[in-house]
Amino acid sequence: GCVAYNPAQRTAYGYVPSLAAGIVYCVLFGLSMIAHTFQAIKTRALWNLVFAVGCLTEILGWAARTWSSECPYNANAFLMQICTLIIAPTFFTAGIYVILGRMIAIAGPGVSPIGPVWYLWIFCTVDIISLVIQAVGGGSAAVAFNSTPPGNTKVGTDIMVAGIDFQLASVIVFSILFFLFLYRAAVKLRLPAFMNDKNMKLLVLVTSFSILLIIMRSIYRTIELAGGWTGRVIETERYFIALDGAPMAALVIAFNILHPGVLI
């Protein structure tokens, strides 16, 4: 049900989610989703639809937070935003893995430490495992937190943090391999496709920018949950808006502006 906010009764968030932020991010991700869908079809690079699916998942999460702004004690809205906003970035990283695979195909064999197909298989598998860990931990902690009386959330939170740390470690390893590949292609071998091609330079730029955004968001999530469900970071909404919502919105919009289907 929907119960109006009572200052004497704590919400699961530790605050009432911002209605304005929820609407703004729903609109931003909605516009980006429409653009990504159109761009993927127009360029016939349908693998780029992973960005549209990620946007849709973000929309569901921010819609749930918008719902919570009106019904701050609704457990379904709270759980919905936890699950969707954890899952969404996985679609963006999957797109980045494919982009690197395309770059490797252009550069030729031997430039990358591992083959292009392996990036997708290895890192997507790791992402899925980390998501399962986060979902199990998050679900356990959220149920305990919303029970009456509130149960022990530490075990679930620790599991969730472990999943996020696992995902962060995976992204960092991928980043090292990505920049090692770029070093070999552009500096060591000085391949024309990476030295002279304007589109390739733009693709490298937007991909590097996006990887940094994902790392920033993962670090924030780790710090957020490390403090527990009643910590200062998790109960300060402006951190969530600036360090989770904004980086992911910037990522998808950046790929709208510098679309892989156009650049490759």
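Being at pLDDT 95 or above and of a type outside the set (A, V, I, L, M) is a description that does not apply to Arg221. For the range 8-19, the set of residues classified as among the small types (Gly, Ala, Ser) and without any contact (Cβ under 8 Å) to a residue 60 or more places away in the chain consists of Ala8 only. For the range 226-264, name all the residues that are in contact (Cβ under 8 Å) with a residue 60 or more places away in the chain, in a helix (DSSP H, G or I) and within 29 Å of Pro72 (Cβ to Cβ). Ala226, Glu237, Ile241, Asp244, Gly245, Met248, Ala249, Leu251, Val252 - these are the residues of the range 226-264 that are in contact (Cβ under 8 Å) with a residue 60 or more places away in the chain, in a helix (DSSP H, G or I) and within 29 Å of Pro72 (Cβ to Cβ). Would you pick out the residues in the range 185-235 that are surrounded by fewer than 18 Cβ atoms within 10 Å (Cβ to Cβ) and of a type in the set (Lys, Arg)? The answer is Lys188, Arg190, Lys198, Lys201, Arg232.
Report yes if some residue within the range 161-180 is farther than 23 Å from Ala88 by Cα and over 28 Å from the mean Cα position of the chain (by Cα); otherwise report no. No, the conditions are met nowhere in the range 161-180. The residues of the range 58-114 that are of a type in the set (Val, Ile, Thr) and either at positive phi or not in a helix (DSSP H, G or I) (or both), listed by number, are Val111, Ile114. A search for C-beta distances below 8 Å between a residue of the range 20-46 that is of a type in the set (A, V, I, L, M) and any residue that is surrounded by fewer than 18 Cβ atoms within 10 Å (Cβ to Cβ) and not in a helix (DSSP H, G or I), counting only pairs 6+ apart in sequence or on different chains, returns Ala45/Ile264.
Among the candidates Val206, Val161, Val233, the residue that is touching a helix residue (DSSP H, G or I) at 6+ places or on another chain (Cβ under 7 Å), at pLDDT 95 or above and within 30 Å of Leu19 (Cβ to Cβ) is uniquely Val233. Tell me, yes or no, whether the range 89-111 has at least one residue that is without any contact (Cβ under 8 Å) to a residue 12 or more places away in the chain and farther than 18 Å from Val204 by Cα. Yes, some residue in the range 89-111 is without any contact (Cβ under 8 Å) to a residue 12 or more places away in the chain and farther than 18 Å from Val204 by Cα. The residues on offer are Leu60, Leu79, Leu56, and the sole one that is at pLDDT below 95 and either under 18 Å from the mean Cα position of the chain (by Cα) or buried (at least 22 other Cβ atoms within 10 Å of the Cβ) (or both) is Leu79.
Reported count of residues in the range 174-203, each being in contact (Cβ under 8 Å) with a residue 40 or more places away in the chain, assigned to a helix (DSSP H, G or I) and either in contact with a helix residue (DSSP H, G or I) (Cβ under 9 Å, 6 or more places away or on another chain) or aromatic (Phe, Trp, Tyr) (or both), is 13.
Scanning the range 130-173 for residues that are in a helix (DSSP H, G or I) and of a type in the set (Ser, Thr, Tyr) yields Ser130, Ser140, Thr157, Ser170.
The values are calculated or read from the model by the stated rules, or taken from the named source; none is laboratory data. The model shown is predicted, which means the values in this text are computed figures rather than measured ones. Here the Cβ is made from the backbone with ideal geometry for all residues, glycine too, and neighbour counts use every protein chain on show.
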